[in-house]
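Attaching a single structure in structure tokens format; questions to follow.
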Amino acid sequence: MPQTTVRPLHPDEWRLYRSVRLAALADAPEAFGSTWAAEHAFTERKWRERLARRNTFLAERDDAGSRR
């Protein structure tokens, strides 16, 4: 059975955060107060600052257990 883990993201994980955030903005733009274009233009520094100044969590699902 798949396991889901929720964990905080840290500034050094900015690339992962950027990838997930931009995918969500592309998939459901109406759910956000920003746009894909605006956030796509963010610099590495901006992504790191966002993670450093607020609690941001990521839910990850481990599908390895479901392949048995």
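Coordinate-derived values only; no laboratory data. All of these numbers come straight from a predicted model, not from anything done at the bench. So basically every Cβ, Gly included, is an ideal-geometry build from the backbone, and we count neighbours across all protein chains shown.
For helix 44-53, report the angle its Cα long axis makes with the longest principal axis of the Cα atoms of the chain; keep it between 0 and 90° and round to the nearest 10°.
Around 70 degrees separate the two axes.
Angle check, please: helix 14-27 long axis (alpha carbons) against the longest principal axis of the chain (alpha carbons), in degrees 0 to 90, nearest 10.
Tilt relative to the chain: about 90 degrees.
Just checking my list (i) 22, 59, 18, 0; (ii) 20, 56, 22, 2; (iii) 19, 44, 28, 10, 1 against P(r) over Cα pairs in 10 Å bins from 0, in percent computed from this structure; which label fits?
Comparing each candidate, only (iii) matches the computed number.
With a cut-off of at most 14 other beta carbons within 10 Å, and DSSP calling the residue loop, which chymotrypsin sites (Phe, Trp or Tyr not before Pro) in the chain qualify? Please list them. Write out the running numbers ahead of the final one.
Numbers: sites: 14, 17, 32, 36, 42, 47, 57; in loops: 32, 42.
In loop regions of the chain (DSSP not H, G, I, E or B), the sparsely surrounded chymotrypsin sites (Phe, Trp or Tyr not before Pro) are 32.
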